[in-house]
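Step one of this worksheet: look at the structure below.
The values are calculated or read from the model by the stated rules, or taken from the named source; none is laboratory data. These numbers come from a predicted model, not from an experiment. With ideal geometry, Cβ positions are generated from the backbone for all residues, glycine too; neighbour counts draw on all protein chains shown. Areas reflect the complete protein model, heavy atoms only, side chains present, ligands, DNA and RNA absent. Shrake-Rupley method; radii C 1.70, N 1.55, O 1.52, S 1.80 Å.
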Amino acid sequence: MGVTVLQQFPVQENRSGPQTIDFLTKRIVALGAVQAGQFLVDCESYTSVAQLGE
């Protein structure tokens, strides 16, 4: 059984996907969370692009 969650998170331009996941994990632990298992992150990044002619 699996669970899928879509969560938008603003990424700083100088960070990669794995760096952002590491940052979020450290923040969660700093808030008092205790690791209870493992998870997999499948990440795709999208950027808004201005359309020509508009």
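When each of G17, G32 is tested for being in contact (Cβ under 8 Å) with a residue 24 or more places away in the chain and of a type outside the set (D, E, K, R), the lone residue that passes is G17.
Listed here are the residues, each with its yes/no results for (1) out of contact with any helix residue (DSSP H, G or I) (no Cβ under 8 Å at 6 or more places or on another chain); (2) open to solvent by 100 Å² or more (accessible area, probe 1.4 Å).
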site	(1), (2)
G2	yes, no
F9	no, no
E13	yes, yes
I21	yes, no
Q35	no, yes
Q38	yes, yes
V41	no, no
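How many of the residues in segment 11-35 are in a loop (DSSP other than H, G, I, E, B) and under 22 Å from Y46 (Cα atoms)? Total meeting the criteria: 6.
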